[in-house]
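Data first, discussion second: the structure below is written as structure tokens.
The values are calculated or read from the model by the stated rules, or taken from the named source; none is laboratory data. This structure is a prediction, so every number in the text was calculated from the model and none was measured. In this analysis, Cβ positions are derived from the backbone assuming ideal geometry, glycine residues included, and neighbour counts consider all displayed protein chains. Heavy atoms of the whole protein, side chains included, go into the accessibility calculation; ligands, DNA and RNA do not. Shrake-Rupley method; radii C 1.70, N 1.55, O 1.52, S 1.80 Å.
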Amino acid sequence: SQQGEEDPQALSIQEGENATMNCSYKTSINNLQWYRQNSGRGLVHLILIRSNEREKHSGRLRVTLDTSKKSSSLLITASRAADTASYFCASSSNAGGTSYGKLTFGQGTILTVHP
Amino acid sequence: DAGVTQSPTHLIKTRGQQVTLRCSPKSGHDTVSWYQQALGQGPQFIFQYYEEEERQRGNFPDRFSGHQFPNYSSELNVNALLLGDSALYLCASSLTGGYNQPQHFGDGTRLSIL
């Protein structure tokens, strides 16, 4: 079963606009990661934020983490048509005392950026 | 520097058959995880291999088994295929110590069961 839930399920914007995607998870975590998937391809790692971090930046990406609310958000600024893809959050849980990096994914947000 | 490679890219099988999927990890990586992604869903963790042993397993039946070789490459075997096994199977590799490491994914094997 999917631990995470993502919101919205689909997002359609114009080039140059910002895109915000939200993710919720259920158990305590070591870290939360965001991945991008182009149609029919594998997942590309975007950013990893550890449980003791609150915000992280990478280029046009900004990720926040609120462990008290068990939620995270991904902001893509100045979007481009090439950003069109599915975006997934994935949590690495430390529940149960043993964690080897198993990722639990949300169902993803489909982002469409119109030129 | 080669990334994660998977073979074959596509596979068509019939119910009841058996299938083997293969994965070579990114150079320098020693841990391999397998995920199943049904159409329109996020990936679901099947299991992880490290030092040639299954280290962690998700909620998948024993029909799903795997192997890791001394060169860190890995195989996923599925027996007695069901229609519901149709999915994209993704392999991911990472460095030892796992849990605060990003995972690097291959492009997957698309398995279709007729």
ask   = Within the stretch A:30-44, can you find the residues that are in contact with a Leu (Cβ under 9 Å, 6 or more places away or on another chain) and of a type outside the set (A, V, I, L, M, F, W, C)?
value = A:Asn31, A:Gln33, A:Tyr35, A:Arg36, A:Gln37, A:Gly40, A:Gly42
request  = Check whether at least one residue in the stretch B:27-38 is at positive phi and in contact (Cβ under 8 Å) with a residue 24 or more places away in the chain, and report yes or no.
outcome  = yes
Count - residues of the stretch B:18-31 that are modelled with pLDDT of 95 or more and outside any loop (DSSP other than H, G, I, E, B) = 6
message = I'd like to know if the stretch A:85-102 contains one or more residues that are at pLDDT 90 or above and in a loop (DSSP other than H, G, I, E, B).
response = no
ask   = In this structure, is B:Leu21 among the hydrophobic types (A, V, I, L, M, F, W, C), at negative phi, touching a residue at least 24 places away in the same chain (Cβ under 8 Å) and out of contact with any Leu (no Cβ under 6 Å at 6 or more places or on another chain)?
value = no
inquiry  = Let me spell it out: the conditions are (1) in contact (Cβ under 8 Å) with a residue 24 or more places away in the chain; (2) more than 10 Å from chain B (Cβ to nearest Cβ), and A:Ser93 meets all of them except one. Which number is the exception?
reply    = (2)
Members of the stretch A:1-47 found to be in a loop (DSSP other than H, G, I, E, B), over 23 Å from A:Pro115 (Cα atoms) and out of contact with any Cys (no Cβ under 9 Å at 6 or more places or on another chain), listed by number = A:Ser1, A:Gln2, A:Gln3, A:Lys26, A:Thr27, A:Ser28
task = Please determine, by comparing only the residues of the stretch A:47-75 that are among the aliphatic types (A, V, I, L, M), more than 9 Å from chain B (Cβ to nearest Cβ) and crowded, with 18+ Cβ neighbours inside 10 Å, which one is farthest from A:Pro8 (Cα to Cα).
result = A:Ile49
message = I need the strands (runs of 3 or more DSSP E) fully contained in the stretch B:32-114, keeping only those with at least 2 residues that are aromatic (Phe, Trp, Tyr), more than 8 Å from chain A (Cβ to nearest Cβ) and open to solvent by less than 20 Å² (accessible area, probe 1.4 Å).
response = B:44-50
ask   = How many residues does the stretch A:11-31 contain that are away from chain B (no Cβ under 11 Å) and either buried (at least 22 other Cβ atoms within 10 Å of the Cβ) or not β-branched (Val, Ile, Thr) (or both)?
value = 14
task = May I ask you to verify whether A:Arg80 is more than 19 Å from B:Pro102 (Cα to Cα) and open to solvent by 50 Å² or more (accessible area, probe 1.4 Å)?
result = yes
remark   = Taking first residues from the stretch A:20-40 that are free of Cβ contacts under 8 Å to residues at least 12 places away in the same chain and second residues anywhere that are surrounded by fewer than 23 Cβ atoms within 10 Å (Cβ to Cβ), the pairs with Cβ under 9 Å that are 6 or more apart or on different chains are A:Gly40/B:Leu88; A:Gly40/B:Asp107; A:Gly40/B:Arg110
